[in-house]
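All remarks here apply to the structure that follows.
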Amino acid sequence: MPDLPTGTVTLLFSDIEGSTNLLRELGDDYAAALEAHRDVFRAAFSTHAGVEVDTQGDAFFAAFARVSDAVAAADEIQRELATGPVRVRIGLHTGEPQIAGEGYVGLDVHRGARVCAAGHGGQVLLTQPTRELVDIQVSDLGEHRLKDLLEPQRLFQLGSDEFPPLKTLDWTNLPVQATPLVGRERELAEAGALLREQRFLTVVGPPGSGKTRLALQLAADAADDFEHVWWVGLQEVHDPDLVEPAIAHVVGARTDLAGFLRDRKALLLLDNVEQVLGFAPRLAELVSASSNLKLLATSREPLRLTLEQQYPVPPLPDDDAVALFHERARAVRPDFAANGAVAEICRRLDGLPLAIELAAARVKILQPDALLARLEQRLPLLAGGARDAPERQQTLQAAIAWSYDLLEEREQEAVARLSVFAGGWTLESAEAVSECDLETLASLVDKSLVRERDGRFSMLETIREFVRDRLDEQEADGLSLRRHARYFLEQARAHSEEHREDFTLEEFEWFGREHDNLRTALDYWHEQEASEPELRLVTACSDFWERGGYWTEGRQRSEAALARAGEAPPDVRGGVERRLSFMISLQGDYARAKELAESAISRYEESGTDPRELNHARVNLAISEQKLGNTARSREIYEAIRADADERTLAMILGNLGNMDLEAHSYASARSNIEAAAVIHRRRGPRFSLANNLMDLGFIAVAEARVDDALPFVQESLAICRVDRLGDLLPWAVEAAASVAAARGAPEDAVRLLAATTKTRAELAMDAGFYPIAEETREWTLEQARAQLSEPAFAEAWAEGGALSLEEAAEQAARI
């Protein structure tokens, strides 16, 4: 091993782009080309004081004491190779890597390699630390998520040449990870090969074996081979019936998940499937129904399906285990130096990543020899799990128990109480539910039992399961669970529309962050004798389920609560029925919606409920009657409500009457009613209803050939939808803009916008008869565009629009 630069070092990574294809093209000449390429690199290293750290195949790893030398070497290499058949990509990253026996180790090494992998042949990429230390001409490429799954990094390109987009993860929902994956090269190669060959791969192993981290890296490495990569975490889903809605929500399919996935070249990563094994046969059906879908799952046990290819996660090899311990120990103690005890600790922990990380976190207070002594004492004592459980699982139990035993008594009690949270928590909720103060929480974070990100805290699921058992031992009366359920019932009601004029964006985002905690609270209340708390929590969640697209889950939760409503107060039961009535109207079940609305009205009348609630239920009944073809009855209901309606309910009625007129093509009457509704909504809210009214007025103006009048309505509606994230309205607002474009002689723009909304319309799966004016206007717009464009021009515009996301289409629509 040559003498390596220390301190601040610039690392250079390179490899040949398309080396397999190049070998195929050059044949016998490939060896000579590869050797010539190596000569160029080594000459540049010699000229610019670079040290060759490692060479494997067509890849180089070098280090430079000065940033300017590294940049000069990279530039010289690209100039020398520019006219030849070999195209290399180079990544430069500056940091302070640690030196171990095998060379450099640490995050900087991982980062440099990933930067290189993101580039293209002929391209030199620099990280921000490198860019800041040298004065050169670069192109700022912005922030990018690299395939190490860590936080986004700002990247720069040497020079100003044009290259394709970087090979990064910005278009996936793979979760950001706090630390890089250490080792696992062999496992990634083996499992990666299986993923390329098979259509259904399950990564199997016990808690703490690193299944999820390995699977995430597999998905990241394979991302370039797919048009879509989706991660779905199932750790808080315990009912097999809720798995398909959970998947559908992540991928954007509102109904018919199989149909949505059928023609997509996609990789679907399902995490923690062992909790919902009853859904496994359906997964096989989804894969069988699509020729391009691949499924990657993690589970503590095999799914036992014919299509399934299992990949058991082995323990970390000794060298990788020691490297992991060393890196995690350096994070809490920068001067840490491993000794022989570390290898023995890793062997005693059976190479399980979680156990190693927990042990490494303790070097802040215990030397490796002392750690080993504690393991010697505690492992035999705590290895008394079930005889048929995997041995490594029993060892993990011991490792977590050992870490737990190192805590002070107050910390043990606090971490056990915190286990009631699902999906994370805030400091405020920890204080209210678990009586855990900031100092204790900070200590738990420091000891790696709790994680913090952007002011929100969470636990690894394996740790949470262990301390949850401790909670059961401490609290036979379920006090913490009861406090948790009460807290989130109170918070949900405080954040819901129940006491507000509008369901704001801030409230919507709160429900999104706390959805898993709300599910846990709903499960708790569902098991209690009294049904009222469950009904009240369902009511509080209903607006979030409606706007967020959780229609199936919301319907199931609401129906389950109603099935055991028993002696609940009639107004409380009616509140669930009223909200459920509208939610299922969106899915076209108008007969059930009518039944629920009638029941809600009866209960409201029995209890003397607030007249606004009663009127809202009557409005739902009127909607159902109209959609069932009973238009006269619907109008009769609306007229009866108007007599004593408050202003907001009046605006709702006017808007609905306007839409009835729209269906009858009575545009003058429709315009009058909707304009009156918009005036009220502009003054009182909600903004959702105002955006809907404005969109209606835009459609009316287009239908009446008043295109100049249509434009301001459409632009304002579109702006509200974008700012307030009104996902259910946004496609129609874009289509309204498309109709304006067609009417103003811009058929290509109209076609692009309609193509962009086509996929989203199918994914939303709102009943086709719920908003007929949008359907009619879409058909009219297509006719106008076809009349103005040749078939090739139409097809080209349609293809361009199909490549746009809905957000990109909305941005273009705003410029119409």
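If I filter region 328-343 down to residues being part of a loop (DSSP other than H, G, I, E, B) and of a type outside the set (Asp, Glu), which single residue comes out as least open to solvent (accessible area, probe 1.4 Å)?
Phe336
Any residue at all in region 642-663 that's of a type in the set (D, E, K, R), touching a residue at least 60 places away in the same chain (Cβ under 8 Å) and more than 26 Å from Arg725 (Cα to Cα)?
Yes, region 642-663 contains at least one residue that is of a type in the set (D, E, K, R), touching a residue at least 60 places away in the same chain (Cβ under 8 Å) and more than 26 Å from Arg725 (Cα to Cα).
Limited to region 757-813, what total is found for residues that are touching a residue at least 12 places away in the same chain (Cβ under 8 Å), within 22 Å of the chain's Cα centre (by Cα) and over 17 Å from Val714 (Cα atoms)?
Within region 757-813, residues that are touching a residue at least 12 places away in the same chain (Cβ under 8 Å), within 22 Å of the chain's Cα centre (by Cα) and over 17 Å from Val714 (Cα atoms) number 9.
Which one of these does Thr202 not meet: (1) in contact (Cβ under 8 Å) with a residue 24 or more places away in the chain; (2) assigned to a loop (DSSP other than H, G, I, E, B)?
(2)
Using the structure shown, decide if Ala677 is in contact with a His (Cβ under 8 Å, 6 or more places away or on another chain), assigned to a helix (DSSP H, G or I) and surrounded by 22 or more Cβ atoms within 10 Å (Cβ to Cβ).
So Ala677 fails the test.
Tell me, please, whether a residue that is without any contact (Cβ under 8 Å) to a residue 60 or more places away in the chain and within 19 Å of Asp15 (Cα to Cα) can be found in region 83-106.
Scanning region 83-106, I find at least one residue that is without any contact (Cβ under 8 Å) to a residue 60 or more places away in the chain and within 19 Å of Asp15 (Cα to Cα), so the answer is yes.
Yes/no matrix, rows are residues, columns are (1) open to solvent by 50 Å² or more (accessible area, probe 1.4 Å); (2) under 21 Å from Ala803 (Cα atoms); (3) in contact with a helix residue (DSSP H, G or I) (Cβ under 7 Å, 6 or more places away or on another chain):
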site: Asp708; (1), (2), (3): yes, no, no
site: Leu726; (1), (2), (3): no, no, yes
site: Ala742; (1), (2), (3): no, yes, yes
site: Glu748; (1), (2), (3): yes, yes, yes
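Can you name the number of the only condition in (1) crowded, with 19+ Cβ neighbours inside 10 Å; (2) modelled with pLDDT of 95 or more that Met660 fails?
In the conditions (1) crowded, with 19+ Cβ neighbours inside 10 Å; (2) modelled with pLDDT of 95 or more, Met660 misses (2) alone.
So is Glu197 crowded, with 16+ Cβ neighbours inside 10 Å and either at pLDDT 90 or above or basic (Lys, Arg) (or both) or not?
In short, no.
With respect to Ala494, determine if the residue is among the small types (Gly, Ala, Ser), farther than 26 Å from Phe457 by Cα and surrounded by fewer than 19 Cβ atoms within 10 Å (Cβ to Cβ).
no
Could you check region 554-577 and list, in sequence order, the residues that are under 23 Å from Gly252 (Cβ atoms) and open to solvent by 10 Å² or more (accessible area, probe 1.4 Å)?
Selection gives Arg555, Gln556, Arg557.
Just one of Pro175, Pro180 is touching an Asp or Glu at 6+ places or on another chain (Cβ under 6 Å), at pLDDT below 90, in a loop (DSSP other than H, G, I, E, B) and of a type outside the set (Lys, Arg); which is it?
Just one listed residue meets the conditions, Pro180.
List, please: which pairs have Cβ atoms under 6 Å, are six or more places apart or on different chains, and start with a residue in region 697-709 that is at negative phi and end with one that is open to solvent by 30 Å² or more (accessible area, probe 1.4 Å) and part of a loop (DSSP other than H, G, I, E, B)?
Val707/Arg744
Mind listing whichever residues of region 88-119 are open to solvent by 20 Å² or more (accessible area, probe 1.4 Å) and more than 27 Å from Phe325 (Cβ to Cβ)?
Result: Arg89, single match.
Yes/no matrix, rows are residues, columns are (1) open to solvent by 80 Å² or more (accessible area, probe 1.4 Å); (2) touching a His at 6+ places or on another chain (Cβ under 9 Å); (3) of a type in the set (A, V, I, L, M):
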| site | (1), (2), (3) |
| --- | --- |
| Pro5 | no, no, no |
| Thr8 | no, no, no |
| Leu11 | no, yes, yes |
| Glu17 | no, yes, no |
| Arg24 | yes, no, no |
| Arg38 | no, no, no |
| His48 | no, no, no |
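Can you pull out the residues in region 774-816 that are assigned to a helix (DSSP H, G or I), open to solvent by 20 Å² or more (accessible area, probe 1.4 Å), under 15 Å from Ala742 (Cα atoms) and not aromatic (Phe, Trp, Tyr)?
Residues satisfying the conditions are Glu776, Arg778, Glu779, Leu782, Glu783, Gln784, Arg786, Ala787, Gln788, Ala793, Gln812.
Have a look at Asp221, Asp140, Asp135, Asp170 and point out the one that is open to solvent by 40 Å² or more (accessible area, probe 1.4 Å), touching a residue at least 12 places away in the same chain (Cβ under 8 Å), in a loop (DSSP other than H, G, I, E, B) and farther than 30 Å from Asp446 by Cβ.
Asp170
Which of the residues that make up region 433-474 are under 24 Å from Ala355 (Cα atoms), part of a loop (DSSP other than H, G, I, E, B) and charged (D, E, K, R)?
Lys447
So the check is Cβ under 6 Å with 6+ separation or different chains; which pairs have a first residue in region 392-415 that's over 23 Å from Leu316 (Cβ atoms) and among the aliphatic types (A, V, I, L, M) and a second one that's assigned to a helix (DSSP H, G or I) and modelled with pLDDT of 70 or more?
Correct list of pairs: Ala414/Thr440; Val415/Leu444; Val415/Val467.
Would you check if Ala622 is small (Gly, Ala, Ser), closer than 21 Å to Arg555 by Cα and open to solvent by less than 30 Å² (accessible area, probe 1.4 Å)?
Considered against the rule, which asks whether it is small (Gly, Ala, Ser), closer than 21 Å to Arg555 by Cα and open to solvent by less than 30 Å² (accessible area, probe 1.4 Å), Ala622 comes out as yes.
Restricting the search to region 186-199, which residues are touching a residue at least 60 places away in the same chain (Cβ under 8 Å) and either in contact with a Gly (Cβ under 7 Å, 6 or more places away or on another chain) or under 22 Å from Ile356 (Cβ atoms) (or both)?
The answer is Arg186, Glu187, Glu190, Ala191.
Looking at region 247-258, is at least one residue under 30 Å from Leu354 (Cβ atoms) and open to solvent by 30 Å² or more (accessible area, probe 1.4 Å)?
yes
Checking the conditions here, which among Ile641, Ile584 is farther than 24 Å from Glu507 by Cα and either open to solvent by 60 Å² or more (accessible area, probe 1.4 Å) or modelled with pLDDT under 95 (or both)?
Exactly one residue qualifies, and that residue is Ile641.
Has region 288-301 got at least one residue that is touching a residue at least 12 places away in the same chain (Cβ under 8 Å), open to solvent by 20 Å² or more (accessible area, probe 1.4 Å) and assigned to a helix (DSSP H, G or I)?
yes
Identify the single condition in (1) among the hydrophobic types (A, V, I, L, M, F, W, C); (2) touching a strand residue (DSSP E or B) at 6+ places or on another chain (Cβ under 6 Å); (3) closer than 17 Å to Glu151 by Cβ that Leu92 does not satisfy, given that it satisfies every other one.
(3)
Here's a check for you: in region 542-573, which residue that is in contact with a His (Cβ under 9 Å, 6 or more places away or on another chain), in a helix (DSSP H, G or I) and of a type in the set (Gly, Ala, Ser) is nearest to Glu507 (Cα to Cα)?
Gly548
Looking only at residues that are at pLDDT 85 or above, among the β-branched types (Val, Ile, Thr) and under 30 Å from the mean Cα position of the chain (by Cα) in region 296-348, which one is farthest from Gly278 (Cα to Cα)?
Taking the candidates together, the pick is Val313.
The values are calculated or read from the model by the stated rules, or taken from the named source; none is laboratory data. From a predicted model like this one, the values you see are computed outputs, not experimental measurements. A quick note on method: Cβ atoms are made from the backbone with ideal geometry, for glycine too, and the neighbour counts reach across all protein chains shown. Note: accessible area is taken over every heavy atom of the protein model, side chains too, but ligands, DNA and RNA are not part of it. Shrake-Rupley method; radii C 1.70, N 1.55, O 1.52, S 1.80 Å.
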